Amino acid sequence: MSVRNKIKSFWSIFSVCVLFSASGLAAPTLTVEGKVLDATGKTPVYAAQISVENFASAISAEDGSFSIKVPDQNAVLKISAWGYQTKTLALKGRNNITVVLVSEQFKELNPLLEFSFGEQALQSIPYAISGTRLESPAQSLSLVENVQQELGVLRSINRSAAPASGKNTFLRGLNSFYGSSQPLYIIDGIPYETHTGKHSIIEGNYSDPLSTINPEDIESITLIRDAYALYGIKAANGAVLIRTKRAREQTSRISVSTSWGVISAPQQIPVLQNSDYRAYAVEQIGGAGYTEQEIQDQLYLSDDPSRPYYNTYHNNTNWQNEIFQNALVQRYYGQVTGGDDIAGYAISIGYDDVESTMKTGGMNRFSSRFNSDIKFTDQLTFSLGLSFSQLNKKLRDDGSLQLSSPTYLSLIKSPLV
């Protein structure tokens with residue numbers, strides 16, 4: 001065979017290979033048509049997003065109809081729309097389908113709950129649990145108070161009326177006189193110590209590490225009663241799993257909220273007025289063996305206006321009015337979320353300023369948080385969480401301290417001075 005014929009044969013074989021490769025690359029795709037309907041009224045759902053991962057996507061028209069290219073008859077469609085639960089649907093050879101979407105409001109019947117190993121539907125979990133997603137803004141300064149309001153199975157007792165003083169919480173009841181009965185708190189996979197039994201140097205006050213977390217940053221809460229098998233002996237009293245807000249969609253969103261409120265002064269405990277107190281004092285002193293003249297010589301019992309210090313010891317002071325007040329609450333919060341198909345981010349900043357119902361107390365808190373999820377591959381995602389919080393408190397001794405507790409002294413101090 002001549003050189004020219006060899007070259008012709010080579011080019012013929014090369015051309016055939018290219019044609020086969022081109023036909024492989026241009027493999028025919030299938031077209032699937034259908035409609036997206038609301039489950040309640042069977043009305044069309046407009047602007048629903050229909051997609052095949054890493055292949056194609058489409059949006060439903062005003063009448064709910066759509067058309068999308070799929071790689072084969074066994075492709076899986078993902079359908080999502082604002083206000084509806086996301087649905088995954090396998091074609092199984094069909095080329096015309098009807099998709100029915102259920103409203104987000106029905107998600108409470110079988111909600112997705114957060115675990116350290118991912119999300120799972122409530123009905124598929126073999127543990128005694130409760131869970132919620134905090135869709136509405138948090139109304140309380142305390143994370144524990146929000147948990148109790150959303151999930152009534154958690155019981156709590158106030159440690160103090162001072163802002164951000166924390167609570168003693170019980171998920172499985174009070175089951176020990178000496179050991180801790182507090183559940184284990186796990187926030188974004190990190191266990192938090194509640195400092196049970198550790199007191200502040202200021203009597204009657206407690207250090208609560210959970211008070212540094214802004215409740216507005218919380219996305220979901222899950223309570224597990226029988227958490228021992230998952231988290232060990234520290235979770236013998238149950239576990240509270242808390243997940244902070246992260247970017248759930250690529251669309252950039254900015255949310256800002258402010259609120260103001262008033263905390264009413266506590267209801268006063270009835271105590272003796274000046275006339276009743278003087279009668280009681282005369283009775284006590286007389287019973288101790290004092291003569292009538294000796295009783296009159298007491299400055300706070302003498303009725304002679306000309307005597308020294310008469311005005312000092314003839315008052316009718318309500319000491320509870322002197323220490324308690326209506327307290328003002330101010331809250332400011334802002335959050336930005338967004339990202340793309342590779343990385344998502346959520347940034348938040350909050351500031352709370354709360355006066356105490358005791359005139360000498362108060363609290364202010366600055367909090368910031370940055371959460372990000374970076375997708376390296378379909379099997380590998382890197383999650384980052386950073387937070388900074390600064391909590392300042394004005395505290396006074398509280399409880400039944402006879403020398404330094406304003407609350408206690410307001411109940412026993414004489415109204416005459």
### Query
Residues of segment 388-405 being surrounded by 15 or more Cβ atoms within 10 Å (Cβ to Cβ) and in contact with an Asp or Glu (Cβ under 8 Å, 6 or more places away or on another chain), which ones?
397, 398, 401, 405
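Mind telling me which of the residues 39, 61, 56 ends up being at pLDDT 85 or above, under 23 Å from residue 341 (Cβ atoms) and not hydroxyl-bearing (Ser, Thr, Tyr)?
Going through 39, 61, 56 in turn, the sole match is 56.
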### Query
Can you find even one residue in segment 307-316 that is more than 30 Å from residue 297 (Cβ to Cβ), surrounded by 16 or more Cβ atoms within 10 Å (Cβ to Cβ) and not assigned by TED's automatic domain parsing to the domain that holds residue 190?
no
### Task
Scan 203, 294, 283 and give me the residue that is surrounded by fewer than 17 Cβ atoms within 10 Å (Cβ to Cβ) and part of a loop (DSSP other than H, G, I, E, B).
203
### Message
Name the residue that is nearest to residue 213 (Cα to Cα), counting only residues in segment 348-366 that are touching a helix residue (DSSP H, G or I) at 6+ places or on another chain (Cβ under 7 Å) and surrounded by 18 or more Cβ atoms within 10 Å (Cβ to Cβ).
### Response
350
### Message
For segment 317-342: of the residues being small (Gly, Ala, Ser) and surrounded by fewer than 17 Cβ atoms within 10 Å (Cβ to Cβ), which is farthest from the chain's Cα centre (by Cα)?
### Response
338
### Message
With the requirement that a residue be at pLDDT below 80, within 13 Å of the chain's Cα centre (by Cα) and β-branched (Val, Ile, Thr), what does segment 208-249 give you?
### Response
221, 222
### Criterion violated by residue 361 - all others in (1) closer than 30 Å to residue 388 by Cα; (2) in contact (Cβ under 8 Å) with a residue 60 or more places away in the chain; (3) out of contact with any Pro (no Cβ under 9 Å at 6 or more places or on another chain) satisfied
(3)
### Positions within segment 316-337 being in a strand (DSSP E or B) and farther than 15 Å from residue 244 by Cα, in sequence order
324, 327, 328, 329, 330, 331, 332
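The values are calculated or read from the model by the stated rules, or taken from the named source; none is laboratory data. Quick caveat, the model's predicted, so the values are computed rather than measured. Quick reminder, even Gly has a Cβ in these numbers, built from the backbone with ideal geometry, and neighbours come from all protein chains shown.
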